[in-house]
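Structure first, commentary second.
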């Protein structure tokens, strides 16, 4: 088997390969929900190393409650943008995109794109601009005017 590539189409702001983001490489949701919005679990089932407290798995009801609480919080407080990784996992590049703009497909599976869906609301444009200005250090090589990007993800 080879390495698969996925196609992506989105509307947003593209950042260069080496751009530093406040969430690090792959922790954007944890950063958003815990650091920015201040989410706290109602109780803990994991220790600081990511193992069950005292090495004992909680019962199913407690485990379900733990994950349902987090899921409900996420549903009520979604990220205002889509963080789209492209290029490859070894050399990730990021686009901060309007949520409704992301279209993806997997290699070998062509997808018809209804061009009528390629519309971005003023609110979504503003959400991208606001997010980038507030959370992403803007350098001279970043164009803050959102655009449509067709990218691939190899990995």
Relative contact order for segment 89-155 using alpha-carbon pairs under 8 Å, separation at least 6, rounded to a whole percent?
40
Could you work out which residue, out of 112, 120, 83, moves most in a Gaussian network model of the chain, that is, has the largest mean-square fluctuation with Cα springs under 10 Å?
112
Inter-centroid distance (Cα atoms) of segment 74-98 relative to segment 107-150, Å
10
To the nearest 10 degrees, how steep is helix 122-135 against the longest Cα principal axis of the chain, on a 0 to 90 scale?
60
Quick note on 32, 154, 23, ordering by fewest other C-beta atoms within 10 Å, gives 154, 23, 32
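Values quoted throughout were computed directly from the atomic coordinates according to the rules given, and no laboratory measurement underlies them. Just so it is clear, the model here is predicted, and its values are computed rather than measured. Here Cβ is always computed from backbone atoms with ideal geometry, including for glycine, and neighbour counts include all displayed protein chains.
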